[in-house]
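Derivation of every value follows stated rules applied to the coordinates shown; laboratory data play no part. Note that the structure is predicted; figures quoted are calculated from it, not measured. Here the Cβ is made from the backbone with ideal geometry for all residues, glycine too, and neighbour counts use every protein chain on show.
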Amino acid sequence: MNYDRSYNFSAGPATMPEPVLEEIRDEVMNYRGSGMSVMEMSHRSPVYQQIIDEAEQDLRDLMHIPDNYKVLFIQGGATLQFAMIPMNLMKNGVACYVETGAWSKKAISEAKKYGEVHVAASSKDRNFCYIPDCDDLDIPENADYVYICENETIHGVTWPKLPDTKGRVLVSDQSSMFLSKPCNVSDYGLIYAGVQKNVGPAGMVVVIIREDLIREDLDPRTPVYMSYKTHADNGSMYNTPNCWAIYCCGKVFKYLKSIGGLEEMEKRNIAKAQVMYDFLDSSKMFTGTVDKEFRSLMNIPFVTGDKELDAKVVAATKAAGYDNLKGHKSVGGLRASVYNAMPKEGVEALVEFLKKFEEENG
Ligand SMILES: *Cc1c(COP(=O)(O)O)cnc(C)c1O
């Protein structure tokens with residue numbers, strides 16, 4: 001069906017799979033005979049309980065999440081986790097962070113409020129266009145965890161392999177790469193992802209946490225909402241959860257299962273990003289800003305080297321129905337976010353457009 005939709009290259013909130021949007025549309029007036037939409041129903045009703053239970057189970061199936069991990073649906077987006085992680089995981093009051101771009105920087109400054117933060121490696125020297133070597137990090141003896149942002153949404157860098165944490169708990173912000181490829185959950189102590197990048201509507205984060213990291217002995221001033229134990233003990237329903245986001249995310253989990261799971265998703269993502277990177281590598285006008293081995297499959301920043309020309313390209317793409325390509329101010333130029341739900345045809349069409357632009361303006 002033609003809905004006259006743009007190809008939306010937004011970094012977030014971002015495009016969602018059309019079959020999922022259609023299902024949501026069909027259920028919005030009356031969810032499966034309940035007489036109401038999911039927006040209107042009690043989170044304590046059996047019909048809603050089934051929605052949240054299935055969402056959790058489908059996510060467990062997709063990621064093969066081991067039984068000793070809890071899956072939590074929490075509000076406050078990914079940003080609240082910048083504080084919740086140190087509040088809950090800093091037992092000794094010391095943590096190790098790797099600084100790879102804008103989002104790990106934010107996590108570092110928030111964590112500093114709660115304890116000693118040791119920045120073990122950084123790629124700041126070249127404006128975060130690579131991932132530093134993390135095979136032999138200097139990790140303090142008593143560090144409670146090692147923190148990384150696994151895909152830096154703004155700078156467009158991703159980790160080709162995980163750091164050697166020397167036995168410490170690994171904590172990862174997967175917001176902009178969640179479910180883009182298979183993930184070995186047991187490599188991590190805690191994984192979290194704000195869902196509006198690669199899954200569903202904004203305002204919620206999925207936290208996958210190893211059970212033994214859920215503590216009771218937190219600072220007594222810790223707000224009840226900020227304790228993982230609160231959410232774990234109450235099936236993510238201590239208070240009213242983001243029912244709508246959980247429902248939409250559940251549909252996306254089912255959709256991903258139906259297309260062949262994360263192995264298939266990764267194949268499609270590689271093929272899709274390749275279209276964009278091949279173009280950038282052959283173009284005389286446009287250049288990718290990231291060192292090749294650290295290029296993200298999800299967020300692709302690129303520049304012309306001339307600010308006025310960058311702005312002209314952004315305006316031209318927008319007029320042609322390719323939306324949200326303006327780069328973040330800290331990198332400049334353009335950025336194509338090509339999350340799971342962006343079809344390959346969208347990237348091919350954009351590349352055709354940029355080629356033509358280059359021919360006409362080069
Ligand atoms: C968007 C983003 C965040 C912040 O997400 P909010 O839900 O807006 O708080 C954190 N980390 C990464 C990697 C992101 O892409």
Highest to lowest packing among 16-23, 305-312, scored as the average C-beta count within 10 Å:
16-23, 305-312
So what are the radius of gyration and Dmax for the Cα set of region 56-161, in Å?
14.9, 43
Any chance you could get the radius of gyration and Dmax over the Cα atoms of region 202-335, in Å?
21.2, 59
List the equivalent ellipsoid semi-axes of region 229-298 in whole Å, largest first, each obtained as the square root of 5λ for an eigenvalue λ of the Cα gyration tensor.
38, 16, 11
Among rounded, prolate and oblate, which fits the chain when a ≥ b ≥ c are the square roots of the eigenvalues of its C-alpha gyration tensor, a/c under 1.5 means rounded, and a/b larger than b/c means prolate?
oblate
Those helices of the chain passing the 24 Å axial Cα length cut-off and the mean Kyte-Doolittle cut-off of -1.0 (DSSP H runs only) are 46-63, 261-282, 344-361
Counting DSSP beta bridges in the chain, what percent are antiparallel, to the nearest 5?
55
Please state the relative contact order of region 233-350 as a whole percent: Cα pairs under 8 Å, 6+ residues apart?
23
What is the distance in Å between the Cα centroid of region 48-98 and that of region 237-288?
20
What does the C-alpha gyration tensor say about the overall shape of region 70-130? Classify as rounded when a/c is under 1.5, otherwise prolate if a/b is larger than b/c, or oblate.
oblate
Checking the table Lys112/Lys197; Lys161/Lys355; Lys161/Lys312; Lys257/Lys307; Lys113/Lys257 against a 31 Å threshold on Cα-Cα, which pairs fail?
Lys161/Lys355; Lys161/Lys312; Lys257/Lys307; Lys113/Lys257
Amide hydrogen neighbours beyond the local backbone of Ala121, cut-off 5 Å, H modeled:
Glu99
Cα Rg over Rh - region 174-213, Kirkwood
0.99
Rounded to the nearest 500, what is the chain's calculated 222 nm mean residue ellipticity when only DSSP H runs of at least 4 contribute -39500 (n - 2.57) each, over all residues?
-11000 deg cm²/dmol
Region 141-249: trypsin sites (Lys or Arg not before Pro) in DSSP coil with no more than 10 other Cβ atoms inside 10 Å:
Lys161, Arg221
For labels at Asn30 and Ser282 in the simple 7 Å Cα→Cβ model, what's the distance in nm?
5.4
In percent, what relative contact order does the chain have, based on Cα pairs under 8 Å that are 6 or more apart in sequence?
23
Would you list, by chain and number, the lysines whose Cα falls below 17 Å from the Cα of Lys70, excluding same-chain residues fewer than 8 positions away?
Lys229
Mean-square fluctuation maximum in Gaussian network of the chain, Cα pairs under 10 Å, restricted to Asn151, Asn340, Asn239, hits Asn239
Taking region 91-216 on its own, what percent of its Cα-Cα pair distances exceed 20 Å?
42
GluC sites (Glu not before Pro) within region 150-237: which are DSSP loop residues with at most 12 other Cβ atoms inside 10 Å?
Glu216
Ranked output for segments 53-65, 81-93 by mean other Cβ atoms within 10 Å, highest leading, reads 81-93, 53-65
